[in-house]
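**Student:** Okay, here's the structure, questions in a sec.
Please treat every number below as a calculation from the coordinates, not as lab data. If you're wondering where the values come from, they're calculated on a predicted model, not measured in any experiment. No Cβ is skipped: glycine too gets one built from the backbone with ideal geometry, and neighbour counts run over all protein chains shown.
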Amino acid sequence: MISFSNFLVDPGVFAFAGVHHGIDNMDDFLLPKLYTYEQVSQMIDLKVSTLKWAVRTGKLPYRKYGREIRFTENDLLVYINNCVVSSASHAGSEATNG
């Protein structure tokens, strides 16, 4: 466990035990917000079972802490951007099926 008494914060400088880590803004050091399946389901209006399928198939990136699975906003953006279907490719598949 990290003891926060070892952190030395000076304006414009972040140091741990006296070592500068090149972080000039403490906002860069904030941890990302983590979301559960249920929160993501409400955010992007998909069923939890669909999200679990996306995780199993590798389509939705995630973080695992013990048995708990969590998602960052970046994970969701990657998933959403990878789900884009171009109208040209969709129209082409309809033409071959019709």
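**Student:** Pop out the ³J(HN,Hα) list for segment 37-48 in order, Karplus 6.51 cos²θ - 1.76 cosθ + 1.60 with θ = phi - 60°, rounded to Hz; leave Gly and Pro as x.
**Tutor:** Taking θ as phi minus 60°, the curve returns 3, 5, 5, 5, 4, 6, 5, 10, 6, 10, 5, 4 Hz for segment 37-48.
**Student:** If R0 is 25 Å, what FRET efficiency do you get for residue 36 and residue 88 from their C-beta distance, rounded to 0.05? Working shown, then result.
**Tutor:** Details: r = 37 Å, r/R0 = 1.46.
Efficiency at R0 = 25 Å is approximately 0.10.
**Student:** From the phi of every residue in segment 73-86, what ³J(HN,Hα) in whole Hz does the Karplus formula 6.51 cos²θ - 1.76 cosθ + 1.60 yield, where θ is phi - 60° and glycine or proline is x?
**Tutor:** After applying 6.51 cos²θ - 1.76 cosθ + 1.60, I find 4, 5, 4, 5, 5, 4, 4, 4, 5, 7, 8, 5, 10, 6 Hz.
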